[in-house]
1. Using a probe radius of 1.4 Å on heavy atoms only, what accessible surface per residue do you get for the stretch 1-103? Whole Å² is fine.
2. Could you give the length gained by full extension between Ser16 and Lys265, i.e. 0.36 nm per residue of separation minus their alpha carbon distance, to one decimal place?
3. In square angstrom, rounded to the nearest 10, how much accessible surface does Trp256 have for a 1.4 Å probe?
4. Just for the stretch 67-192, what percent of DSSP beta bridges are antiparallel, to the closest 5?
5. Quick one: Debye curve from the alpha-carbon atoms of the stretch 86-177 only, equal weights, vacuum; give me log10 I(q)/I(0) at q = 0.12, 0.20 Å⁻¹ to two decimals.
6. What figure in square angstrom, to the nearest 10, would you give for the accessible area of Leu200 with a 1.4 Å probe?
7. Fully extended, how many nm does the chain gain between Ser89 and Arg198 (0.36 nm per residue separation, minus their Cα-Cα distance)?
8. Past 24 Å, Cα to Cα: identify those pairs from Lys102/Lys203; Lys195/Lys273; Lys211/Lys263; Lys195/Lys295; Lys169/Lys283, in the order given.
Amino acid sequence: MAFVYKELMGRNDRLSSGHRMCAGCGAPIAVRSILRALHPEDEAVVCSATSCLEVSTFMYPYTAWKDSFIHTAFGNAAATLSGVESAYSALKRQGKISANYKFIAFGGDGGTYDIGFQSLSGAMERGHDLVYVCYDNGAYMNTGNQRSSATPMYADTTTTPSGELSLGKPQYRKDLCAIMAAHHIPYVAQTTFIKNLRDLHEKAEKAIYTKGPAFLNVMAPCPRGWKYPSEDIMEICRLAVETCYWPLYEVTDSEWKLNYEPKQKLPIEEFLKTQGRFRHLFKKGNEWVIELYQKEVDKRWEQLKNLCKYTRPGLTIQRQDCRPFMKRVPAGTLFVDSLTRPVDLQSKPRNDQSTFPFRSGYESMGPIQLIKTENTATQTMEKRQLMPTEL
């Protein structure tokens, strides 16, 4: 469906006003925008892990949700919604339900990157027809701003405080979208609040109406944890994109696509200086820290562009065309994988069927399955894209 701003803003909100989320918080903006992507005729079942979002919008017997809503424990939102989706599918097949329902789970980064990762991974791998949305505010904000694996490097939190002996969190943040893409699910996307929210809406609609599991990672700033004036949220999101700290991209059936590339990439300090959690980085003598931060952002940006380059549309082979073809090669041939390591079938015996990543001199078609026989090794090339970890 085409993006028509006035029509979307005219739709009824499925998250009512009057909840207790903070002014300037990104979570309710994400929720309202994503639920607007639902077609008016469709129903939804929403599940939320314990989080700021849950405790501020659902206080029994009051609720801000106009769709069916389930509050579940911190670590199992994806598992809970998997069961609901499975029950609905069974009842639908039996003709006991006629209405069209969509299934959407919301979780913060603590309940997604960390505590709830195992249930999320399981739901994605099993192929449930649902959307999992992580509103990523970079810490456990509901319990007082403790660090999570989504917390950016050198951020000041209550468990990684900055001071004379510490520069904040010393580790890099986890790249959860890449991990989700490695599950080979139909759709993965990263977005935030930019301009008229078109990027967020289009990705939300695509995620909801793509058959099978989908994952959305939405940067949702927190004014209390990030320490910024509530009215600055849109500017912070813009700077996150323009500095390439938070690139906008999507992965559709393992095809990586960059949705926006800044005409003039801004230095990372433009993003960092807007937030009090990075204030200590601008003290005299800490210039090397910002330089290191810039190098990490640049490295990840180049890696993302390479992923998008190697899986551009012209190289994508559709699933329905995945008919393997055979090619005979001499036994004991040394296959040199330019991306990992050489493989010698004679000196390194493996199981009867072993899979090795492979790249030809032209374009890679995917991994090669080597079936070792007494006289020859049969090379089977499955026609699909390379995994992100193989690039």
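The values are calculated or read from the model by the stated rules, or taken from the named source; none is laboratory data. Computed from a predicted structure; not experimentally measured. Glycine gets a Cβ as well: all are built from the backbone with ideal geometry, and neighbour counts include every protein chain shown. Side chains included, ligands, DNA and RNA excluded: accessible areas come from the protein's heavy atoms. Shrake-Rupley method; radii C 1.70, N 1.55, O 1.52, S 1.80 Å.
1. Dividing the accessible area of the stretch 1-103 by its residue count gives 50 Å².
2. Taking 0.36 nm per residue and subtracting the Cα distance, the gain is 85.9 nm.
3. Answer for Trp256: close to 10 Å² accessible.
4. Numbers: 3 of 8 bridges.
Within the stretch 67-192, antiparallel bridges account for around 40 percent of the total.
5. The computed values of log10 I(q)/I(0) come out as -0.50, -0.93.
6. Looks like 0 Å² after rounding.
7. Numbers: separation 109, 0.36 × 109 = 39.24 nm, distance 3.10 nm.
Between Ser89 and Arg198, full extension yields 36.1 nm more.
8. Checking Cα-Cα distances, Lys211/Lys263; Lys195/Lys295 exceed 24 Å.
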